[in-house]
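J.: Provided herewith is a single structure, encoded as structure tokens, for subsequent inquiry.
We did not get these values from a lab; they are worked out from the coordinates using the rules stated. Owing to the predicted nature of the structure, the values given are computational and were not obtained by experimental measurement. As a convention, Cβ positions derive from the backbone with ideal geometry for all residues, glycine included, and neighbour counts pool all protein chains shown.
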Amino acid sequence: MLPIQRNVTIQATLVEAAEREGREMNRATAAQIEHWVRLGMAFESSPDVSKVKIRQALAGETTIDDLNALETRAFFANLAASMQTPTQAERDYYASLGGSSEAPGLSEEELYGDALPRPDSEGTSAGE
């Protein structure tokens with residue numbers, strides 16, 4: 001198959017991991033990424049892995065208790081990836097929470113009490 005050249009955006013940590021692994025396996029970075037893609041495709045096409053069940057668990061329609069060991073690993077890999085790349089709607093939602101007095105969590109006063117960090121003369125918090 002002839003190679004095709006396209007621009008894609010990949011997280012820097014994945015490219016760096018591919019560079020490291022590629023050096024160890026004597027592969028170019030692109031070849032290492034291709035290798036991982038092929039492994040992922042083989043994994044997802046395995047009869048032991050149900051993409052439907054993984055998607056249902058990611059959507060909250062079923063629990064991870066219903067997944068086998070391979071599906072659970074795929075679930076957490078997909079979950080981690082989705083958390084690292086939030087949608088614009090997710091960003092907007094959490095940004096709106098930050099400006100709300102009803103946002104969950106503790107205020108600085110509740111969190112630090114009398115030990116509330118105060119900026120020093122250099123603008124950094126005391127104790128840093």
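J.: Could you check, for region 84-95, whether at least one of its residues is among the small types (Gly, Ala, Ser), surrounded by fewer than 14 Cβ atoms within 10 Å (Cβ to Cβ) and at positive phi?
T.: Looking for residues that are among the small types (Gly, Ala, Ser), surrounded by fewer than 14 Cβ atoms within 10 Å (Cβ to Cβ) and at positive phi, one finds none in region 84-95, hence no.
J.: If you don't mind, there's one more thing I want to ask. Can you report the number of residues in region 18-46 which are under 23 Å from Glu71 (Cβ atoms) and not aromatic (Phe, Trp, Tyr)?
T.: 10
J.: Taking Arg55, is it surrounded by 12 or more Cβ atoms within 10 Å (Cβ to Cβ), within 25 Å of Met83 (Cβ to Cβ) and among the charged types (D, E, K, R)?
T.: Details: surrounded by 12 or more Cβ atoms within 10 Å (Cβ to Cβ): yes; within 25 Å of Met83 (Cβ to Cβ): yes; among the charged types (D, E, K, R): yes.
So Arg55 fits the description; yes.
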